[in-house]
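Asker: First the structure, which I've put down as structure tokens, then a few questions once you've had a look.
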Amino acid sequence: MVRNSPQRSCIGCRQVRDKEDLLRFVLTPERTLVTDIQAKLPGRGAYTCFNKRCLDEAVRRNQFSRTFKGAVSHGTAAELADEVSARLLERISSYIALANKAGKIITGSDMVEEAIRKQKAGLVIIAQDVSSEIGEKIARLAERTSLPCYYILTKDQLGALVGKGLRSAVAIGSGGFVHAITNEIERMRNFFEEGAHE
């Protein structure tokens with residue numbers, strides 16, 4: 001049977017998976033480890049499952065040095081996990097900013113609620129530092145309409161991405177941006193989710 005995707009082994013758990021489902025790391029010319037979220041950087045790659053436990057195990061067993069056949073400079077497992085999180089947040093933020101430029105963003109809690117009720121939203125993002133009253137109200141409304149809803153970023157960050165002041169929530173209109181943003185958020189959730197690794 002011909003495989004549609006190249007396969008690689010996770011250096012943490014040794015499971016073989018499609019390369020596109022793994023987290024890639026490469027070395028700089030100075031042999032410093034870099035997270036390659038988009039899997040586009042040049043050079044040989046080392047791979048782990050998209051799960052923090054596999055990254056922890058790879059660091060604990062010194063697998064990066066073994067894979068790259070020599071000394072590799074990198075932070076602790078926790079620092080590498082923070083780097084992965086930061087790169088994923090950058091990706092999520094860039095997609096939100098692009099969606100805003102394309103006119104696909106609805107902001108403000110009242111407008112977001114209206115968009116949910118009128119089924120004009122494909123995805124809802126609620127700021128992590130929103131008041132529980134506002135956040136729960138929007139989340140319940142999204143749940144009733146089976147709309148994907150995530151708590152991520154802060155009110156200040158959401159506002160900056162859409163060129164506004166503080167924003168408690170934003171809705172992304174139906175379309176390609178919904179899939180792209182949802183995919184990146186799910187990747188980050190899976191990375192930190194203890195039960196996500198099979």
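The values are calculated or read from the model by the stated rules, or taken from the named source; none is laboratory data. No experiment lies behind these values; they were computed from the predicted model shown. Please note: Cβ atoms are built from the backbone with ideal geometry, for glycine as well, and neighbour counts cover all protein chains shown.
Asker: For the condition loosely packed, with under 14 Cβ neighbours inside 10 Å and at pLDDT 95 or above, what is the one hit in Thr32, Thr48, Thr67?
Answerer: Matching residue, one of Thr32, Thr48, Thr67: Thr32.
Asker: Exactly one of these conditions fails for Lys104: (1) out of contact with any Phe, Trp or Tyr (no Cβ under 8 Å at 6 or more places or on another chain); (2) among the basic types (Lys, Arg); (3) over 15 Å from Phe25 (Cβ atoms). Give me its number.
Answerer: (1)
Asker: Any residue at all in the stretch 156-172 that's under 11 Å from Gly122 (Cβ atoms) and touching a residue at least 12 places away in the same chain (Cβ under 8 Å)?
Answerer: Yes, the stretch 156-172 contains at least one residue that is under 11 Å from Gly122 (Cβ atoms) and touching a residue at least 12 places away in the same chain (Cβ under 8 Å).
Asker: Looking at the stretch 161-179, can you tell me whether even one residue there is within 30 Å of Leu33 (Cα to Cα) and either in contact with a strand residue (DSSP E or B) (Cβ under 6 Å, 6 or more places away or on another chain) or surrounded by fewer than 19 Cβ atoms within 10 Å (Cβ to Cβ) (or both)?
Answerer: For the stretch 161-179, residues within 30 Å of Leu33 (Cα to Cα) and either in contact with a strand residue (DSSP E or B) (Cβ under 6 Å, 6 or more places away or on another chain) or surrounded by fewer than 19 Cβ atoms within 10 Å (Cβ to Cβ) (or both): present.
Asker: Separate question: Does the stretch 14-30 include one or more residues that are assigned to a loop (DSSP other than H, G, I, E, B) and under 20 Å from the mean Cα position of the chain (by Cα)?
Answerer: Checking the stretch 14-30: not a single residue is assigned to a loop (DSSP other than H, G, I, E, B) and under 20 Å from the mean Cα position of the chain (by Cα).
Asker: A further question follows. Looking only at the stretch 100-126, how many residues end up being buried (at least 21 other Cβ atoms within 10 Å of the Cβ) and over 22 Å from Thr145 (Cα atoms)?
Answerer: Within the stretch 100-126, residues that are buried (at least 21 other Cβ atoms within 10 Å of the Cβ) and over 22 Å from Thr145 (Cα atoms) number 0.
Asker: Among residues belonging to the stretch 76-99 that are among the hydroxyl-bearing types (Ser, Thr, Tyr) and within 15 Å of the chain's Cα centre (by Cα), point out the one that is surrounded by the most Cβ atoms within 10 Å (Cβ to Cβ).
Answerer: Step by step, filter the stretch 76-99, then rank; the result is Tyr95.
Asker: Only one of Ala127, Ala171, Ala180 is touching a helix residue (DSSP H, G or I) at 6+ places or on another chain (Cβ under 6 Å) and modelled with pLDDT under 95. Can you tell me which?
Answerer: Ala180
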